[in-house]
């Protein structure tokens with residue numbers, strides 16, 4: 001794994017642990033952190049030795065949100081130096097080119113990359129997770145929390161709106177009323193409320209959090225075919241937005257056709273008949289089918 005400045009990465013026993021590493025700033029989110037996290041997920045997907053990803057924070061926080069060091073102009077992208085390097089999205093007539101890369105929400109870029117991950121993603125939320133600190137966790141498959149964790153969708157109290165594609169993810173995870181409660185009030189709430197509201201899977205003593213996340217990662221992946229896990233992750237997440245079960249039927253049919261001919265399928269059946277542990281030969285980096293074709297093939301109606 002590459003070395004980064006704002007995050008740490010450690011691969012052990014098939015699990016990549018990514019640690020947000022700006023503890024002096026409560027791991028506040030920056031453009032550099034966004035780029036490094038995206039790069040870490042790229043590397044995880046390319047490394048067949050990685051079966052699952054865990055994300056946590058260094059020190060007493062998970063992520064306190066966007067770094068507000070720029071003061072009141074923090075969210076004024078039109079004035080931020082890192083955005084101006086890409087050129088201005090404001091046209092000569094004063095209108096805004098919303099397709100310009102300088103307009104894109106950085107949290108959303110990260111959320112979409114996590115959404116596209118081919119490996120299961122588990123959050124070990126060790127402390128405060130506020131703003132982008134909580135919205136970045138919504139594309140995780142599971143969120144485990146320390147009893148000391150705190151959460152807040154605080155955007156309305158900062159004069160902005162939810163980001164990181166959370167208007168898509170959050171209502172699907174917790175329901176529309178709960179999502180609106182947390183976002184309208186913009187209040188910070190404790191781990192017990194997060195558990196009751198369906199945001200997190202389980203609560204743990206601080207010292208037990210990472211061991212619990214690692215145990216879950218092993219339970220999810222140790223006996224499963226990596227390509228099957230990767231495909232299942234994409235199928236489940238993408239079908240959340242499907243308008244009819246026929247779309248899922250089309251996707252399932254193509255997936256079964258594709259994987260039914262694989263070495264993994266032969267090994268999965270034979271190992272069951274032989275009453276032995278399977279040794280799956282296929283690799284995500286080489287044998288993952290073209291998901292775009294599975295989902296959008298215009299010739300398959």
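Within segment 240-255, being touching a helix residue (DSSP H, G or I) at 6+ places or on another chain (Cβ under 9 Å) and surrounded by fewer than 16 Cβ atoms within 10 Å (Cβ to Cβ) holds for 240, 241, 242, 245, 247, 248, 252. Before we move on, is residue 156 outside any loop (DSSP other than H, G, I, E, B) and crowded, with 16+ Cβ neighbours inside 10 Å? So residue 156 fails the test.
Say whether the condition of being in a loop (DSSP other than H, G, I, E, B), out of contact with any strand residue (DSSP E or B) (no Cβ under 6 Å at 6 or more places or on another chain), closer than 28 Å to residue 23 by Cβ and in contact (Cβ under 8 Å) with a residue 12 or more places away in the chain is met by at least one residue in segment 166-179. Within segment 166-179 (the criterion being in a loop (DSSP other than H, G, I, E, B), out of contact with any strand residue (DSSP E or B) (no Cβ under 6 Å at 6 or more places or on another chain), closer than 28 Å to residue 23 by Cβ and in contact (Cβ under 8 Å) with a residue 12 or more places away in the chain), the answer is no, since none of the residues qualifies.
Taken over segment 5-32, the residue count meeting the criterion of being assigned to a loop (DSSP other than H, G, I, E, B), under 25 Å from residue 68 (Cα atoms) and under 19 Å from the mean Cα position of the chain (by Cα) is 5.
When you look at residue 134, is it farther than 22 Å from residue 232 by Cα, in contact (Cβ under 8 Å) with a residue 12 or more places away in the chain and surrounded by fewer than 22 Cβ atoms within 10 Å (Cβ to Cβ), yes or no? The answer is no for residue 134. Within segment 21-32, residues that are under 16 Å from residue 110 (Cα atoms) have Cβ atoms under 6 Å from residues that are modelled with pLDDT under 95 in these pairs: 28/67; 29/66; 30/67; 31/82; 31/106, counting only partners at least 6 apart in sequence or on another chain. Here residue 231 qualifies as in contact (Cβ under 8 Å) with a residue 40 or more places away in the chain and either loosely packed, with under 14 Cβ neighbours inside 10 Å or within 26 Å of residue 269 (Cα to Cα) (or both). Helices (runs of 4 or more DSSP H) fully within segment 187-239 that include at least 1 residues being in contact with a helix residue (DSSP H, G or I) (Cβ under 7 Å, 6 or more places away or on another chain): 209-221, 226-239. Can you find a residue that is without any contact (Cβ under 8 Å) to a residue 40 or more places away in the chain, buried (at least 17 other Cβ atoms within 10 Å of the Cβ) and touching a helix residue (DSSP H, G or I) at 6+ places or on another chain (Cβ under 9 Å) anywhere in segment 142-150? So far as segment 142-150 goes, no, none of its residues is without any contact (Cβ under 8 Å) to a residue 40 or more places away in the chain, buried (at least 17 other Cβ atoms within 10 Å of the Cβ) and touching a helix residue (DSSP H, G or I) at 6+ places or on another chain (Cβ under 9 Å).
The values are calculated or read from the model by the stated rules, or taken from the named source; none is laboratory data. Nothing here was measured: the structure is a model prediction, and the numbers come from that model. A quick note on method: Cβ atoms are made from the backbone with ideal geometry, for glycine too, and the neighbour counts reach across all protein chains shown.
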